[in-house]
Every structure is written in C-alpha cells, then in structure tokens.
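This report refers to the structure that appears directly beneath it.
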Amino acid sequence: MVGLGAMPGYGIQSMLKEGHKHLSGLDEAVLKNIDACRELSAITRTSLGPNGMNKMVINHLDKLFVTNDAATIVNELEVQHPAAKILVLAGRAQQEEIGDGANLTISFAGELLEKAEELIRMGLHPSEIIIGYTKAINKAVEILEDLVEKGSENMDVRNKEEVVLRMRSAVASKQFGQEDILCPLVADACMQVCPKNPANFNVDNVRVAKLLGGGLHNSSVVRGMVLKNDAVGSIKRVEKAKIAVFAGGVDTSATETKGTVLIHSAEQLENYAKTEEAKVEELIKAVADSGAKVIVSGAAVGDMALHFCERYKLMVLRISSKFELRRFCRTTGSIALLKLSRPNVDELGYADSVSVEEIGGARVTVVKNEEGGNSVATVVLRGSTDSILDDLERAVDDGVNTYKSMCRDSRIIPGAAATEIELARRLKEFSLKETGLDQYAIAKFAESFEMVPRTLAENAGLSAMEIISSLYAEHAGGNTKVGIDLEEGACKDVSIMKIWDLYVTKLFALKYSADAACTVLRVDQIIMAKPAGGPRRDAQPGMDED
C-alpha cells in the first residue's frame, strides 16, 4: 500500500497526468491569449490596404512566398498558439466564404482584443465585454445596411464597367497601380464563363497560366485552356477538331493475366511482331475513322502508336495531371475513355482550334473553344520572376472571388475607410445611450474601427492623427462618403475616386472577427496535456488544388 506521500504535487497537479501545463486566471490565460493574438494581427496589419508591405515567408518545405495577401501569410506561418489559431481560422473562413478581406478579419479581431485588454485592466469582467461586443456587432450590421449605395443592388454581371468598379478595390489591395490592367482582364475572363444563371458561377472555370518573361502588359485572356506542354508528335495545329480523350494512355496494352508464348520458328516471330503492329494500326485507324483529329492521352504515348498517329494525321497531346485532364474534358465536352478503342460520336469533344504557340520561350498548347457552353477561360499572366507571378495570381483569384460574391449580392458600400469611420462615429453615439457596464465595451468596439484608417494612413506614410480627425470632422458634417485618398494624402469623396467595397465582404469580415474575439475572451483556463511521445511524424505534404 503506497502512502499518500508518493502522490506528486497537490491540487490540480495531483489530478492530471504529469507533464501537463495548466494556465488559469486573468493574467496567465486571458491576457496571454490576447497577447498572442495581438502579435499575429501586428504581422498582418502592416500588409493591409494598397500600400501594404510585403512579407517574405519561407515555409517548412523551403518554399519562398513574397506576398501581402494575409490568407497566404497566416496559412504558411505554422501558428502554434491555440488562441492565435482561432484568428487564423477566422481569416481562413473569410477566405473560403468570400475570397477577400482575410486581412481585415484578422487585424480587426486583434484590435478588438487589444481594446478588451484595456477594459480588463480597468476592472471589467470578460463576460461584460462579450455582451457589449455582441450588442455592438449587431448594431454595426444595422448601420452597414444604411450605408449601402442606393441602386447598387440590381446590377448586370455582364456589364464590364460595373464589374470593374466593384472589383477594383479587391485587386488594388494586392497589386496597387496595376489594377487598371488586371481588372479588365479578370472581368473579361469571368464574363466569358458566366453561366445563364450567374448565381451558379464556378470559380474553377477561370484558370491562370503563369509564364515567365515579358511584363504585365503582355498578359491576355484566352477563351479555352492553356496547357503548359508541347504536342507530342509533329502536327502542331488543328482547326475545328473533334477530340478523343483516353485516360489510360495510348500504347499497346499488356494483357490482364500473365501468359507465355512459345515461338518455334523465325516466321512465327515475324508474324507475332506484325500482328502487334497491325493491332495498334487497327485501333488508331478506328479512332481516326470516328472523325477525331486530336488524341489526348492521360499517360505515356507509345512509339509505335505515335508512328501510326502521324500516319493518320492525328495530333497527340499528353496531359499527365488527372485534374487538368478533367478540366480539359469539361472545356471540350468530351468523355475520357479508359481503353484505347473506337470512341462513339457522343464521346468525342470539340474545339475550334488546338495549336502549339511559343510564348516567351515556353511552348504551350492553346485549346480555344469560342462557342462552348460550360467553357473555361484562362488568364495568361506574364511577369519577370516566379514570386511576382504568384502574387499576380493571388490578385486574380481575389478578383474572381469578388465576381462570384457580386453575382450573389451586388450591393456596395464606400471604401477607403469611409465606412469604418462612419461605423465608429455612429457606434460611439449608440454607446452613450446604453446604461450598463457594457457601454464601455461598445465604445471600445467603436474605437477599434479607427484601426483601418490609421493603418491605411501609416502604411502610406501619412500622419494618422490628422487624417482620422479630418475624417471625423467631415462625417460629422454629414458627408458620409468621405474616405482617404492615399495618393494625395487628403480626404476625398469616394464616389469621385471610385473606391467601393462589396457589402458582403465587409459584413462577413466584421462578423467573423467579432466572433473570433469573443471566443478568445470566453477562455479562462488553458489545460495542455503532455504531447504524445515517439518520433514526430509530420503530415504528408498534401497536393495542391491542381
């Protein structure tokens, strides 16, 4: 019988397994959580807005990212702290839902928590702060509805000017100064693939092909697909072609079961080789007879098969990626066949032209399909380095996602921090009408909105205090659409500068950040078990979407 003396420690120590960590109380748990979140939002904050700085992130696989896209930054930073992870998840939710505004979500949540820390040090209980914040976010959503530009709810998603107007701010925040080149490209690509019912717009139908060399002004939109490889045979161009797709490769197929062939004489050996040739020729001839002019293979193309394809004037393409092959089938309307056999008429796809072109030293195959129903459009981006191309691709992605959002809800609100200042002003008035302790929390919530104009001004090298005070003065005078003009460092009406944000982007960003902040504040104890022993096995590096 072991005496009680052998029990390690006392209190909670004796209850839990050794090696665990236990943090509780305001100082240890709540303020430490807030601290971690503040660090994270300090990283993303300097990248907010068009003048945001770039971050250079090198992930665990030694891949280099140079970007000011908050979603990419926080995904590549391996955030360990559990509270900061909540902010990362909020940013990721925003990226999945809207595709833009992840930076606002994370920075604003960090600002809310920083203000909450001041309230806690004043002596407020976290639950009172949470009640105040919840009231404030509900009120902020009501105010947002008021700020929506009149007449912006009905929009024609095929009108290029209206699309570019709504897309500009999303693209400019990633590539400032290039938005006038990029927006029309993205708008063209989106409008080409927009289905009859715009609500069914599929983001995956706008592809991006990144080719080194040239400059951004050499970029273009191709109606169809751009494959990054050359054609296999010598035929490089086919017009108005029917296309047969074979997923399993174009080659002599081995038998399913093992077999042995006994050959007694030289004639038999010759005949054996000849029958093999004849069989391959028969298969290729059958494909050619069905009217196909292009064969697309999902795996290797055998030499003998290629020889006969050349003889029957068939163009041969090879697409090794399974996803790319699926997309190709969707573009051309073909059905991928498993075995090399004669395709039926309805299994053949169609393209207006399939040609190999040389763009900046790289040979690419361009599959054009002008009349296709569910077609794919490709934005061909040119740039001098890989990291510039990656960043351009993120800007295009943001533009395409914005297009998807505006197909669902096209309402717009003033950008350039005009909305934030108006929200701050009205919420401050609202907090003065409240009687309980939560009025302090609502006032701090209102103050948090000043982060946006302050950050925009600081990132552009302007004096933040002057800008914010002149914005407040203008808004108090009833000019609710006055925002910051970053180029001149003055306050201007956003309808002149044409800087508009989508209503849904702001709505979700504010909702997610308030939720994340309240979740972090609700925690009062952290209990971490000892990490499981044994060698660490990292997760298998996943494939990317393509």
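The values are calculated or read from the model by the stated rules, or taken from the named source; none is laboratory data. It should be emphasised that the depicted structure is a prediction, and the values quoted were computed from it without experimental measurement. All Cβ positions, glycine included, derive from the backbone under ideal geometry; neighbour counts span all protein chains shown. Each accessible area value is taken on the protein alone, full model and side chains, heavy atoms only, with ligands, DNA and RNA left out. Shrake-Rupley method; radii C 1.70, N 1.55, O 1.52, S 1.80 Å.
Scoring Leu119 on the criteria (1) in contact (Cβ under 8 Å) with a residue 24 or more places away in the chain; (2) over 18 Å from Gln439 (Cα atoms); (3) buried (at least 17 other Cβ atoms within 10 Å of the Cβ); (4) not charged (D, E, K, R) leaves a single failure, condition (2).
I'd like the full set of residues that are open to solvent by 40 Å² or more (accessible area, probe 1.4 Å) and not in a loop (DSSP other than H, G, I, E, B), limited to the range 56-78. If the condition is that a residue be open to solvent by 40 Å² or more (accessible area, probe 1.4 Å) and not in a loop (DSSP other than H, G, I, E, B), then Met56, Ile58, Leu64, Asn75, Glu76 are the ones that fit.
If we scan the range 488-499, do we find a residue that is open to solvent by less than 30 Å² (accessible area, probe 1.4 Å) and of a type in the set (A, V, I, L, M, F, W, C)? Taking every residue of the range 488-499 in turn, at least one turns out to be open to solvent by less than 30 Å² (accessible area, probe 1.4 Å) and of a type in the set (A, V, I, L, M, F, W, C).
Scanning for something under 30 Å from Pro50 (Cβ atoms) and within 33 Å of the chain's Cα centre (by Cα), does the range 428-436 turn up at least one residue? The answer is no; no qualifying residue exists.
Contact annotation: residue pairs with Cβ atoms under 6 Å, 6 or more positions apart or on different chains, pairing a residue in the range 195-211 that is more than 29 Å from Ser387 (Cβ to Cβ) with a partner that is surrounded by 13 or more Cβ atoms within 10 Å (Cβ to Cβ) and of a type in the set (Val, Ile, Thr), are Pro198/Val157. Considering Glu114, Glu97, the condition of being surrounded by fewer than 21 Cβ atoms within 10 Å (Cβ to Cβ) and closer than 19 Å to Thr46 by Cβ is satisfied by Glu114 alone. When each of Ala292, Ala273, Ala278, Ala288 is tested for being open to solvent by 10 Å² or more (accessible area, probe 1.4 Å), free of Cβ contacts under 8 Å to residues at least 60 places away in the same chain and in contact with a Leu (Cβ under 7 Å, 6 or more places away or on another chain), the lone residue that passes is Ala288.
Residue count for the range 332-374, restricted to those that are among the hydroxyl-bearing types (Ser, Thr, Tyr) and open to solvent by 20 Å² or more (accessible area, probe 1.4 Å): 2.
In the set Ala241, Ala231, only one residue is part of a loop (DSSP other than H, G, I, E, B), open to solvent by less than 80 Å² (accessible area, probe 1.4 Å) and of a type in the set (A, V, I, L, M); that residue is Ala231. Tell me whether the range 439-448 contains one or more residues that are open to solvent by 50 Å² or more (accessible area, probe 1.4 Å), hydroxyl-bearing (Ser, Thr, Tyr) and under 30 Å from Met122 (Cβ atoms). Looking for residues that are open to solvent by 50 Å² or more (accessible area, probe 1.4 Å), hydroxyl-bearing (Ser, Thr, Tyr) and under 30 Å from Met122 (Cβ atoms), one finds at least one in the range 439-448, hence yes.
Screening Asn103 against (1) open to solvent by less than 10 Å² (accessible area, probe 1.4 Å); (2) in contact with a Gly (Cβ under 8 Å, 6 or more places away or on another chain); (3) closer than 25 Å to Asp386 by Cα; (4) not aliphatic (A, V, I, L, M) leaves a single unmet condition, (1). Of all residues assigned to the range 146-162, none qualifies as being within 30 Å of Asp27 (Cα to Cα), in a helix (DSSP H, G or I) and either in contact with a strand residue (DSSP E or B) (Cβ under 7 Å, 6 or more places away or on another chain) or free of Cβ contacts under 8 Å to residues at least 24 places away in the same chain (or both). Quickly run through the range 187-209 and pick out the residues that are surrounded by fewer than 20 Cβ atoms within 10 Å (Cβ to Cβ) and charged (D, E, K, R). Once the filter is applied, which keeps residues that are surrounded by fewer than 20 Cβ atoms within 10 Å (Cβ to Cβ) and charged (D, E, K, R), the range 187-209 yields Asp188, Lys196, Asp204.
Checked against the criterion of being over 25 Å from Leu340 (Cβ atoms), out of contact with any Asp or Glu (no Cβ under 9 Å at 6 or more places or on another chain) and β-branched (Val, Ile, Thr), the candidates Val171, Val193, Val232 yield just one match: Val193.
Taken together, the residues in the range 314-331 that are open to solvent by 40 Å² or more (accessible area, probe 1.4 Å) and under 17 Å from Val287 (Cβ atoms) amount to 1.
Within the range 375-428, the set of residues being open to solvent by 10 Å² or more (accessible area, probe 1.4 Å), over 30 Å from Ser470 (Cα atoms) and aliphatic (A, V, I, L, M) comprises just one member, Ile388.
Within the range 467-505, if we keep just the residues that are assigned to a loop (DSSP other than H, G, I, E, B) and more than 23 Å from Phe176 (Cβ to Cβ), the residue that is modelled with the highest pLDDT turns out to be Gly477. Checked against (1) surrounded by 22 or more Cβ atoms within 10 Å (Cβ to Cβ); (2) within 17 Å of Arg408 (Cβ to Cβ), Cys183 passes all but a single condition, namely (2). Examine the range 161-169 for a residue that is farther than 27 Å from Leu423 by Cβ and surrounded by fewer than 20 Cβ atoms within 10 Å (Cβ to Cβ), and state whether such a residue exists. Yes, that holds for at least one residue.
Number of residues in the range 401-415 that are more than 13 Å from Asp204 (Cα to Cα) and either part of a helix (DSSP H, G or I) or touching a Lys or Arg at 6+ places or on another chain (Cβ under 8 Å) (or both) equals 9.
May I ask you to list the residues in the range 507-517 that are open to solvent by less than 20 Å² (accessible area, probe 1.4 Å) and either hydrophobic (A, V, I, L, M, F, W, C) or within 18 Å of Ser173 (Cα to Cα) (or both)? Once the filter is applied, which keeps residues that are open to solvent by less than 20 Å² (accessible area, probe 1.4 Å) and either hydrophobic (A, V, I, L, M, F, W, C) or within 18 Å of Ser173 (Cα to Cα) (or both), the range 507-517 yields Ala509, Leu510, Ala514, Ala516, Ala517.
Going residue by residue through the range 148-165, is there one that turns out to be under 21 Å from the mean Cα position of the chain (by Cα) and over 30 Å from Cys329 (Cα atoms)? Yes, some residue in the range 148-165 is under 21 Å from the mean Cα position of the chain (by Cα) and over 30 Å from Cys329 (Cα atoms).
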